[in-house]
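The next block holds one structure in the form of structure tokens; read it before the comments.
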Protein chains: 2
Amino acid sequence: MLSEFSLIDRFFARRAAAQPSDAAADTLGIGDDCALLAPRAGEVLAISTDMLVEGRHFFPDIDPEALGHKALAVNLSDLAAMGAQPQAFTLAFSLPKADEAWLAAFSEGLFALAERHGCALIGGDTTGGPLNLCITVFGSVPPRMALRRDAARPGDDIWISGTLGDARAGLGVRRGEWSADADDAARFRHALERPEPRVALGLALRGIAHAALDLSDGLAGDLLHILERSNLRATVDADAVPRSAALRRLSLEVQRRCTLAGGDDYELCFTAPPAARASVETAGREAGVPVTRIGTISALQTAADRPAIDWRDAAGAPLTLTLQGFDHFHAD
Amino acid sequence: MLSEFSLIDRFFARRAAAQPSDAAADTLGIGDDCALLAPRAGEVLAISTDMLVEGRHFFPDIDPEALGHKALAVNLSDLAAMGAQPQAFTLAFSLPKADEAWLAAFSEGLFALAERHGCALIGGDTTGGPLNLCITVFGSVPPRMALRRDAARPGDDIWISGTLGDARAGLGVRRGEWSADADDAARFRHALERPEPRVALGLALRGIAHAALDLSDGLAGDLLHILERSNLRATVDADAVPRSAALRRLSLEVQRRCTLAGGDDYELCFTAPPAARASVETAGREAGVPVTRIGTISALQTAADRPAIDWRDAAGAPLTLTLQGFDHFHAD
């Protein structure tokens with residue numbers, strides 16, 4: 001059993017020191033009471049924190065290398081949704097025991113993703129306890145360019161990056177809710193365990209998109225956050241929501257459930273004016289991720305009107321869906 | 001049982017919005033993918049993260065109001081040790097169930113301390129799971145004024161704020177390692193559950209102290225961090241380490257164990273040149289906390305010499321102590 005300090009040193013501090021770091025002389029990484037960090041000149045720091053708990057956000061038998069990836073990916077996804085450039089992160093975690101093989105694999109998954117995004121580990125805390133991972137991530141963004149949830153406008157198109165629902169489909173296969181052949185099951189599991197944060201797309205959408213967020217709790221619940229913050233309604237074509245070929249092999253009911261209320265997608269949902277359609281398509285191409293229009297933002301019609309989503313099917317007929325986003329305090 | 005969103009809203013988001021916040025227009029608090037935060041003009045952000053786990057950092061029966069206080073206090077203590085002005089924090093926690101009375105008391109303890117320090121809640125995450133609290137705190141400091149661990153110099157005095165050992169004494173009473181009368185036991189318990197971060201002292205020591213850190217794992221282990229980062233030795237008068245009247249009523253052996261290797265003190269240990277003694281005393285008076293000189297920093301004597309502490313008793317005779325700082329992966 002390693003002591004805390006040698007454990008941190010072996011798997012985290014050394015590699016943190018080797019991280020690409022901000023060139024400014026006034027930064028300070030691991031080893032002091034605090035790290036010191038500044039945003040780029042004229043910019044502000046975008047900050048997000050996420051906690052992952054065993055048995056709730058991941059299965060106990062998850063590959064630790066995939067867990068290291070996912071723990072950082074879900075945080076980078078929040079930076080992407082703000083249009084922020086990743087800069088640094090802190091990692092706090094509790095572990096039942098200091099298992100060297102587990103830590104080696106976990107840190108490998110974590111740093112592989114961190115290095116791809118030039119995101120340096122600048123501080124942390126480790127302790128014994130039930131497995132729990134808390135990452136806080138820092139990005140830099142010009143304040144007026146940040147993609148906020150309250151910035152949607154009537155007439156905006158609603159866009160989705162990538163495809164939705166594969167992660168929820170993987171959870172369903174794991175739980176025995178439905179089945180898939182081995183290839184599709186592997187694809188779903190990959191989506192669940194190795195989400196790819198859309199950092200490049202978020203940066204490319206600066207100055208183009210109005211509002212944005214990342215889909216972590218399911219489209220139905222997450223899009224509502226934009227509508228509530230912007231005080232607007234949306235009409236969405238439920239069957240236009242992009243989905244993988246693998247997901248299309250499951251029933252339409254499962255497809256809708258996974259794409260609209262699935263969760264763990266970590267794709268971007270954003271709004272942009274119709275005049276920006278070509279720019280949005282270009283941003284997607286440059287970022288290497290498809291973007292799909294799924295609906296439209298509209299103003300509230302009366303004083304009693306509330307932010308809400310009007311779901312339509314492919315023929316434009318109203319759909320009544322009783323979908324809820326994933327809520328961590330309810331059984332899913 | 002509350003759903004996650006209404007729970008956050010009732011106890012945290014509303015109060016977060018009422019927090020004193022940075023006056024800059026480019027800040028953004030709870031409710032988006034990221035918070036936006038900038039340090040004061042010309043300054044950098046000091047960042048620290050701490051995770052508290054039930055059964056390891058606090059007893060399951062702790063008053064939730066005290067826990068709210070302590071969870072933030074241990075983080076503010078890291079800002080104090082850097083000489084940083086508290087600005088904001090994020091809170092991520094997992095809870096076995098959403099108990100309203102517990103959350104009301106916890107948030108009361110948390111925000112009472114936050115408001116005293118003008119420190120705004122800007123983001124968070126809540127989930128189900130074994131009780132775990134992770135706070136990341138942000139302060140602002142001029143980069144050249146930050147009190148770093150690697151800044152001690154030969155000839156510096158070593159100083160301690162307040163008194164050490166009461167928190168460890170309280171843990172010992174609780175564990176039955178020793179006993180104390182009801183008043184002393186209450187004092188010890190208060191020290192354990194309600195540490196007071198030395199924020200005002202940290203700010204007052206800018207430009208006066210060389211190196212500083214906060215004592216969380218015990219003086220013997222923590223002072224060694226300064227020595228290792230600064231590549232120096234120290235001579236410390238073990239019996240000059242300040243302790244409360246209550247602690248003095250326990251045996252000398254227990255006093256030494258609690259003051260030198262106790263942990264959970266959250267007092268500052270700092271070094272300053274002898275010429276600054278009057279300034280240090282003034283800083284302590286202005287911050288309302290006593291400061292005590294306990295030893296001296298010296299250079300390494302030979303190439304084989306290693307950073308270490310030479311302990312002396314009140315008569316100046318060498319003391320052999322086999323003390324270790326608290327290590328979370330060992331049984332304490």
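The values are calculated or read from the model by the stated rules, or taken from the named source; none is laboratory data. None of the values given here were measured: they were computed from a predicted structure. Don't worry about glycine lacking a Cβ; one is built from the backbone with ideal geometry, like all the others, and counts go over all protein chains shown.
List the helices (runs of 4 or more DSSP H) inside the range A:156-251, counting only whole elements, that have at least 3 residues being within 14 Å of chain B (Cβ to nearest Cβ) and within 23 Å of A:Phe58 (Cα to Cα). Steps first, please.
On the way: elements: A:166-175, A:182-193, A:199-204, A:219-230, A:245-248.
Per the criteria, A:219-230.
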Q: Specify which of the listed residues (B:Ala38, B:Ala13, B:Ala46) is closer than 27 Å to A:Ser94 by Cα and at pLDDT 90 or above.
A: B:Ala46
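Among the residues of the range A:252-263, is there at least one that is assigned to a strand (DSSP E or B), over 21 Å from A:Asp50 (Cα atoms) and out of contact with any Leu (no Cβ under 6 Å at 6 or more places or on another chain)?
Of the residues in the range A:252-263, the ones assigned to a strand (DSSP E or B) are none.
No, the range A:252-263 contains no residue that is assigned to a strand (DSSP E or B), over 21 Å from A:Asp50 (Cα atoms) and out of contact with any Leu (no Cβ under 6 Å at 6 or more places or on another chain).
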**Q.** Selection within the range A:65-85 - crowded, with 21+ Cβ neighbours inside 10 Å and farther than 10 Å from A:Gly202 by Cβ
**A.** A:Leu67, A:Gly68, A:His69, A:Lys70, A:Ala71, A:Leu72, A:Ala73, A:Val74, A:Asn75
Q) Which of the residues spanning the range A:148-177 are without any contact (Cβ under 8 Å) to a residue 60 or more places away in the chain, buried (at least 24 other Cβ atoms within 10 Å of the Cβ) and among the basic types (Lys, Arg)? A) none
Q. Only one of (1) outside any strand (DSSP E or B); (2) within 13 Å of B:Gly162 (Cβ to Cβ); (3) among the β-branched types (Val, Ile, Thr) fails for B:Thr302. Which number is that?
A. (2)
Q: Please go through the range B:29-88 and pick out each residue that is closer than 30 Å to A:His225 by Cα, over 17 Å from the mean Cα position of the chain (by Cα) and at the interface with chain A (Cβ under 10 Å from one of its Cβ atoms).
A: B:Gly31, B:Asp32, B:Asp33, B:Cys34, B:Ala35, B:Leu36, B:Leu37, B:Ala38, B:Pro39, B:Leu45
**Q.** Criterion (charged (D, E, K, R), under 17 Å from B:Trp159 (Cα atoms), in the same structural domain as B:Ala185 (by TED's automatic domain parsing) and touching a Leu at 6+ places or on another chain (Cβ under 8 Å)) met by exactly one of B:Asp237, B:Asp222
**A.** B:Asp222
Q: May I ask you to verify whether A:Ala104 is touching a helix residue (DSSP H, G or I) at 6+ places or on another chain (Cβ under 8 Å), among the aliphatic types (A, V, I, L, M) and surrounded by fewer than 19 Cβ atoms within 10 Å (Cβ to Cβ)?
A: yes
Q. Does the range B:324-332 contain any residue that is outside any loop (DSSP other than H, G, I, E, B), of a type in the set (Phe, Trp, Tyr) and either modelled with pLDDT under 95 or surrounded by 12 or more Cβ atoms within 10 Å (Cβ to Cβ) (or both)?
A. no
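Among the candidates A:Gly263, A:Gly295, which residue alone is modelled with pLDDT of 95 or more, surrounded by 21 or more Cβ atoms within 10 Å (Cβ to Cβ) and not aromatic (Phe, Trp, Tyr)?
A:Gly295 is the lone residue from the list that is modelled with pLDDT of 95 or more, surrounded by 21 or more Cβ atoms within 10 Å (Cβ to Cβ) and not aromatic (Phe, Trp, Tyr).
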Q) Quick check: is even one residue across the range A:249-256 hydrophobic (A, V, I, L, M, F, W, C) and within 21 Å of A:Ala152 (Cα to Cα)? A) no
Q. Within the range B:264-283, can you find the residues that are in a strand (DSSP E or B) and closer than 27 Å to B:Arg56 by Cα?
A. B:Leu268, B:Cys269
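For the structure I just gave you, tell me whether B:Pro273 is at pLDDT 95 or above, over 26 Å from B:Asp181 (Cβ atoms) and out of contact with any strand residue (DSSP E or B) (no Cβ under 7 Å at 6 or more places or on another chain). Before you say what the answer is, go through the steps one by one.
Values: at pLDDT 95 or above: yes; over 26 Å from B:Asp181 (Cβ atoms): yes; out of contact with any strand residue (DSSP E or B) (no Cβ under 7 Å at 6 or more places or on another chain): yes.
Answer is yes for this residue.
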Q: Filter the range A:59-91 down to residues that are in contact with a helix residue (DSSP H, G or I) (Cβ under 6 Å, 6 or more places away or on another chain) and outside any helix (DSSP H, G or I), then give me how many there are.
A: 2
(Q) Can you tell me which of (1) surrounded by fewer than 24 Cβ atoms within 10 Å (Cβ to Cβ); (2) of a type outside the set (Phe, Trp, Tyr); (3) under 16 Å from A:Arg198 (Cα atoms) is the one A:Ala114 doesn't meet? (A) (1)
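Has the range A:126-139 got at least one residue that is in a helix (DSSP H, G or I), in contact (Cβ under 8 Å) with a residue 60 or more places away in the chain and out of contact with any Ser or Thr (no Cβ under 6 Å at 6 or more places or on another chain)?
No.
Could we say that B:Ala105 is among the aliphatic types (A, V, I, L, M), under 20 Å from B:Ala287 (Cβ atoms) and in a helix (DSSP H, G or I) here?
Working: among the aliphatic types (A, V, I, L, M): yes; under 20 Å from B:Ala287 (Cβ atoms): no; in a helix (DSSP H, G or I): yes.
Spelling it out, it is not the case that B:Ala105 is among the aliphatic types (A, V, I, L, M), under 20 Å from B:Ala287 (Cβ atoms) and in a helix (DSSP H, G or I).
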Q) When only residues in the range A:140-155 that are under 18 Å from the mean Cα position of the chain (by Cα) and at the interface with chain B (Cβ under 7 Å from one of its Cβ atoms) count, which is nearest to A:Gln87 (Cα to Cα)? A) A:Ala146
Q) When both residues are 6+ apart or on different chains and their Cβ atoms are under 8 Å apart, which pairs have a first residue that lies in the range A:82-97 and is over 16 Å from A:Ala13 (Cβ atoms) and free of Cβ contacts under 8 Å to residues at least 60 places away in the same chain, and a second that is hydrophobic (A, V, I, L, M, F, W, C) and buried (at least 24 other Cβ atoms within 10 Å of the Cβ)? A) A:Ser94/B:Met51
